[in-house]
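Taking it in order: structure first as structure tokens, then the write-up.
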């Protein structure tokens with residue numbers, strides 16, 4: 001039996017979020033840059049897909065990876081990079097990016 005009788009009725013603690021609520025809801029696409037400026041992560045809307053984003057990760061200006069992710073994954077990725085790793089939002093992307101998927 002639980003030692004704290006009303007543990008579930010306590011108010012929920014909210015974390016401070018340094019970026020706007022539109023980013024939290026995944027409605028904006030953005031560019032994130034690390035503190036030292038070496039790593040860059042861009043999120044673009046996927047052309048023709050309403051709930052997908054194209055994530056492009058670059059290191060020292062050279063594109064290293066590109067992947068198609070869901071809106072939920074974009075939210076988690078942006079939140080982790082901003083809150084845990086100290087990335088800064090530097091730009092917002094509005095032009096969709098085409099991601100070609102190859103299946104064999």
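The values are calculated or read from the model by the stated rules, or taken from the named source; none is laboratory data. Remember, it's a predicted structure, so these values are computed and weren't measured experimentally. With ideal geometry, Cβ positions are generated from the backbone for all residues, glycine too; neighbour counts draw on all protein chains shown.
Looking at the range 53-85, which of its residues are in a strand (DSSP E or B), under 12 Å from the mean Cα position of the chain (by Cα) and surrounded by fewer than 17 Cβ atoms within 10 Å (Cβ to Cβ)?
57, 70
Can you tell me which residues in the range 29-52 are part of a loop (DSSP other than H, G, I, E, B) and in contact with a strand residue (DSSP E or B) (Cβ under 9 Å, 6 or more places away or on another chain)?
Within the range 29-52, 34, 35, 38, 47, 49, 51 qualify.
Take the range 87-101 and flag every residue that is surrounded by 11 or more Cβ atoms within 10 Å (Cβ to Cβ) and part of a loop (DSSP other than H, G, I, E, B).
Hits for the range 87-101 are 87, 96, 99.
List pairs: first residue in the range 50-76 and more than 17 Å from residue 39 (Cβ to Cβ), second residue at pLDDT 90 or above and exposed (fewer than 11 other Cβ atoms within 10 Å of the Cβ) anywhere in the structure, Cβ distance under 9 angstrom, at least six positions apart or on different chains.
What qualifies is 51/72.
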